[in-house]
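Chemist: Let me begin by handing over the structure; questions about it come next.
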Amino acid sequence: MSGIEQAVLGDWHAAAHAAVKALLLFLTAAAVFRVTVRRTLAECAPFDWVAVGAAGAVVGRTATATDASWLTGTAALLALLAAHAVVARARFVPGIRRWVDPPVQVLIHDGRIDYRTLRRCGLTVDDLEAILRQHGYDDAASVRLAVVEARGAVSVLPRSPLDSSQS
């Protein structure tokens, strides 16, 4: 086989082994994720994203590595997911929750934008205006409270008609 053919086609046996390991790791990951705590992507906290990214890296690396077996990949995958499960349960302890979940950030309070918090959250005024429009508000003046929740979603609460007339 020429150098180009080798570069394009590679070793069929290694490719078959990678395919089998990838399939087995996928099934293993799917089974483990099935029995762990169910969380949607919209509800992912930073530690959830780390677990998902690391699990994907383990599956991808193990599937294509000639020096890593399915058992090695499974051991790493189970260790990651066990650590994730421990952190997910430890979040119920208030002292630990402060380290795991970011605090709620107030972007708008009584119609006034907190520009410092906006910057700290990595949002521009244009970003905030787009979020307000998505929630059905024309401007910050019609909002009593807008907060970035621990999961990253922005919640917006309206000002009451009495609040608006007093300002």
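Chemist: Could you tell me the extents of the range 1-157's C-alpha atoms along the three principal axes, largest first, rounded to whole Å?
Modeler: Reported extents, whole Å, longest axis first: 70, 42, 24.
Chemist: Pulled fully out, how much extra length does the chain show between ASP127 and VAL52, if you take 0.36 nm times their separation in residues and subtract their Cα-Cα distance?
Modeler: Computed gain between ASP127 and VAL52 is 24.3 nm.
Chemist: Dipole size in debye (nearest 20) for the chain around its Cα centre, Lys and Arg Cβ +1, Asp and Glu Cβ -1?
Modeler: So the dipole magnitude of the chain works out to roughly 640 debye.
Chemist: Let me ask something else. Between TRP99 and ARG112, what is the spin-label point distance in nm, taking each point 7 Å from the Cα along the Cα→C-beta axis?
Modeler: 3.6 nm
Chemist: Shifting gears a bit: Report the residue, chosen from LEU123, LEU132, LEU81, that carries the largest GNM mean-square fluctuation when the chain is represented by alpha-carbon nodes joined by springs under 10 Å.
Modeler: Among LEU123, LEU132, LEU81, the largest GNM mean-square fluctuation belongs to LEU123.
Chemist: Which angle between 0 and 90 degrees, to the nearest 10, do you get for helix 125-134 versus the longest principal axis of the chain when only C-alpha atoms count?
Modeler: Its long axis makes an angle of about 90 degrees.
Chemist: What residues qualify as long-range amide H neighbours of LEU145, i.e. H under 5 Å apart, gap of 5 or more or another chain, H built at 1.01 Å from N?
Modeler: Placed amide hydrogens put ASP110, LEU157 under 5 Å from LEU145.
Where a number appears in this text, it was derived from the coordinates with a stated rule and is not lab data. Bear in mind that the values here come from a model prediction, so they are computed numbers and not experimental data. Virtual Cβ from ideal backbone geometry, glycine too; neighbours counted across all protein chains shown.
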